[in-house]
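Below is one structure, written out as structure tokens, with a few remarks after it.
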């Protein structure tokens, strides 16, 4: 079974086609999908949006909450899932809390065993070595201590936040590893740490490989 990550630029739950895409990768009639909203501080409204987005979808949704922790065996819970979906918010805080509670180790093991990892914004950046984040300042800046399951860096919200593009270029010029930039509603699927394809729910969705020489458009397949 391949190791798979589906990293989305933003607004993943707003596009049912992206949810279907990820769930269909499991090849199971009712896959188990775990939502991890740590980056938002386990925000109740965010959690509700997850369950509403999956209402009527053939799956078994659940959530891992760490601010009001109710689960003893995090490792067992994470490893029992077909999909782990990570929401947006403060990436730096999320990573620190994950490391405190053992979530990082559980995700690494689950990934090796075939659980699909996915998410948007913070849930996109976290799988890479580095990324562009607003975790430290509203002006945006680099984060360099991602989980490093994927090489390079990531920049989500490439179309919806005007500062993302120039800041990403600036930081790469200053030494940040190059990587991938994704518009909202656009997701990059990696298999065994290699880019397999990029899909988009919006017809105009874009993705780029960005390095010191500039932006390089990547092929995107529109899904309905």
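Just a few scattered comments:
- Criterion violated by residue 135 - all others in (1) in a loop (DSSP other than H, G, I, E, B); (2) on the phi > 0 side of the Ramachandran plot; (3) in contact with a strand residue (DSSP E or B) (Cβ under 8 Å, 6 or more places away or on another chain) satisfied: (2)
- Options 185, 89: the member that is at positive phi and in contact with a helix residue (DSSP H, G or I) (Cβ under 6 Å, 6 or more places away or on another chain): 89
- Verdict on residue 122 being in contact with a helix residue (DSSP H, G or I) (Cβ under 8 Å, 6 or more places away or on another chain) and under 20 Å from residue 18 (Cα atoms): yes
- Of all residues in segment 208-224 being closer than 20 Å to residue 22 by Cα and touching a residue at least 40 places away in the same chain (Cβ under 8 Å), the one that is surrounded by the most Cβ atoms within 10 Å (Cβ to Cβ): 223
- For residue 1, the conditions (1) at pLDDT 95 or above; (2) over 19 Å from residue 94 (Cα atoms); (3) loosely packed, with under 15 Cβ neighbours inside 10 Å are fulfilled apart from (1).
- Restricting attention to segment 147-182, the residues being surrounded by fewer than 21 Cβ atoms within 10 Å (Cβ to Cβ) and in contact with a helix residue (DSSP H, G or I) (Cβ under 7 Å, 6 or more places away or on another chain) number 3.
- Residue among 98, 120 that alone is over 27 Å from residue 205 (Cβ atoms), surrounded by 21 or more Cβ atoms within 10 Å (Cβ to Cβ) and in contact (Cβ under 8 Å) with a residue 40 or more places away in the chain: 98
- When residues of segment 4-30 are limited to those that are in contact with a helix residue (DSSP H, G or I) (Cβ under 6 Å, 6 or more places away or on another chain) and outside any strand (DSSP E or B), the one surrounded by the fewest Cβ atoms within 10 Å (Cβ to Cβ): 13
- Residue match in segment 102-117 (condition: touching a strand residue (DSSP E or B) at 6+ places or on another chain (Cβ under 8 Å), assigned to a strand (DSSP E or B) and in contact (Cβ under 8 Å) with a residue 24 or more places away in the chain): yes
- Residues that are exposed (fewer than 14 other Cβ atoms within 10 Å of the Cβ) and at pLDDT below 95 occur in segment 31-51; there is at least one.
- Within segment 52-74, considering residues that are surrounded by 16 or more Cβ atoms within 10 Å (Cβ to Cβ) and in a helix (DSSP H, G or I), the one farthest from the chain's Cα centre (by Cα): 74
- Test: residue 180 is in contact with a strand residue (DSSP E or B) (Cβ under 9 Å, 6 or more places away or on another chain), modelled with pLDDT of 95 or more, under 25 Å from residue 197 (Cα atoms) and assigned to a helix (DSSP H, G or I): no
- Taking the criterion of being farther than 25 Å from residue 133 by Cβ and surrounded by fewer than 16 Cβ atoms within 10 Å (Cβ to Cβ), the residues of segment 76-95 that qualify are 76, 80.
The values are calculated or read from the model by the stated rules, or taken from the named source; none is laboratory data. Since this is a predicted model, take the numbers as computed values, not measurements. All Cβ positions, even for glycine, are placed from backbone atoms using ideal geometry, and neighbour counts span all protein chains on display.
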